[in-house]
Amino acid sequence: MRFVLTCDPGFEDVVEKEVMEKVGGKFLGKLANFQGKVIIEAKPSKALLTLRSVHHVAKLVASFQIEHEDERGLEEIGEKLGKLNLSPWLKGKKSFRISSQRIGPHRFTSIDVQRVAGKVVQEKYGLKVDLKHFQLNLKVDVFGKEVFVGIPITSKSLAKRFKLRFIHPAALKPTIAYGLIRMAEVREGDTVLDPMCGGGTILLELADIFRDKVKILGGDINPKFVKGTILNAKANLLSKYMKVVVLDATHLTSFFPQSSVDKIITDLPYGVRMKRRNLKELYMKFLGSSYEVLRSNGRIVALTLRANSFRSLALNAGGFKLVGERVIESGGLYPHVFILEKLI
């Protein structure tokens, strides 16, 4: 059976690795070559619902192409959908709704697709449309000239896995935190630090994955954020797996011994309330401070929107090798992930 997995654009390879580890099967690549959606072929398994890099999972029922991007394309969708045998999926169902995502220069909207597809299903199978109390949600997504018909098996995002007593104003998604942890190549026995932890998403993700198999350290210069992180950790029964304190990320040796940390993973501030000059100074001092506490070959994985500033400082600072950089998408923003490795 084929499944469509929705993920954070730019982390498709992270999804592939996790799928191979937990689910098996075949990774078939991006859906219609679009970022943020991938197709796998695998046996139905509860393991699909344990994927940490994924937001949603849907069964792929069918796919077909349309030739036109105007009203004729809508007619094609109706005709080709009507030729599909959806009976096995609709058996025992009395109500349904159509949901749709549309990407491309079409002269019709996703609402138009829902209307046309809904009419086909209603007339062919006699099911009642119910937008709130539906028994089946049928997805009809249109990406360019590719149409994908699927049935979601997740009712809410798998990223919503933590209870939050405190919400940081720029909270990181757990799926992105997981991607950063994978980029850091965290291993059992490592000491891992997030010195600008915000609401603690990276720490929560680390603790939920590794428990006591890694030493998890965190902190923030803002006492409110430290308190919020501790509240979130307690709410998820994870506080015993981490140590969180108020600290200054530009003076880490005041809090940790030299060469005592294996991995630093953090979401850097990007200067909404900070002047660019002060941001560069923060980045420069953070890099120097991190160098002191990292062990040889230790890694920094940092997320930032100020890619040019951070890249320039990292390359000119000395002591680090840039081993990776990628762009991801999150909430309409396109931050860069940097992977730095401390030179011996």
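Its Cα gyration tensor gives the stretch 174-342 an equivalent ellipsoid, and the semi-axes of that ellipsoid, as √(5λ) in whole Å with the largest first, are 22, 18, 16. Cα-based values for the chain, radius of gyration first and Dmax second, are 23.2, 71 Å. Each Cα pair under 8 Å and six or more residues apart adds its sequence gap; the mean of these over the residue count of the stretch 177-320 is a relative contact order of 25 percent.
Pair-distance distribution of the stretch 24-72: all C-alpha pairs, bin width 5 Å, starting at 0; shares per bin in whole percent are 5, 14, 23, 26, 13, 8, 5, 5, 1. Dipole of the chain computed with +1 at Lys/Arg Cβ and -1 at Asp/Glu Cβ about the Cα centre; of THR250, LEU322, GLY298, farthest Cα towards the positive end is THR250. Taking every DSSP beta bridge that has both ends in the chain, the antiparallel portion is near 60%.
Separation of the alpha carbons by more than 22 angstrom is noted, of LYS46/LYS160; LYS46/LYS213; LYS213/LYS263; LYS94/LYS132, for LYS46/LYS213.
Working note: Karplus 6.51/-1.76/1.60 with θ = phi - 60° gives the stretch 186-197 the couplings 5, 10, 4, x, 6, 9, 10, 10, 10, x, 9, 7 Hz, where Gly and Pro are set to x. Note on the stretch 2-152: Rg/Rh from C-alpha atoms, Kirkwood Rh, equals 0.98.
Here the chain is treated with +1 on each Lys and Arg Cβ and -1 on each Asp and Glu Cβ, and its dipole about the Cα centre works out to around 980 debye. Applied to the stretch 72-82, the Karplus parametrisation 6.51 cos²θ - 1.76 cosθ + 1.60 on θ = phi - 60° returns per-residue 3J(HN,Hα) values of 5, x, 4, 4, 4, 4, x, 5, 6, 5, x Hz, with x for Gly and Pro.
Peptide packing: for 101-109, 33-41, the average count of neighbouring Cβ atoms within 10 Å per residue gives the ranking 33-41, 101-109, highest mean first. Subtracting the Cα-Cα distance of LEU315 and SER296 from 0.36 nm times their residue separation leaves 5.1 nm of extension gain.
All of the numbers you see were taken from the coordinates with simple rules; none came from a lab. Since this is a predicted model, take the numbers as computed values, not measurements. Backbone-built Cβ (ideal geometry, glycine too); neighbour counts: all protein chains shown.
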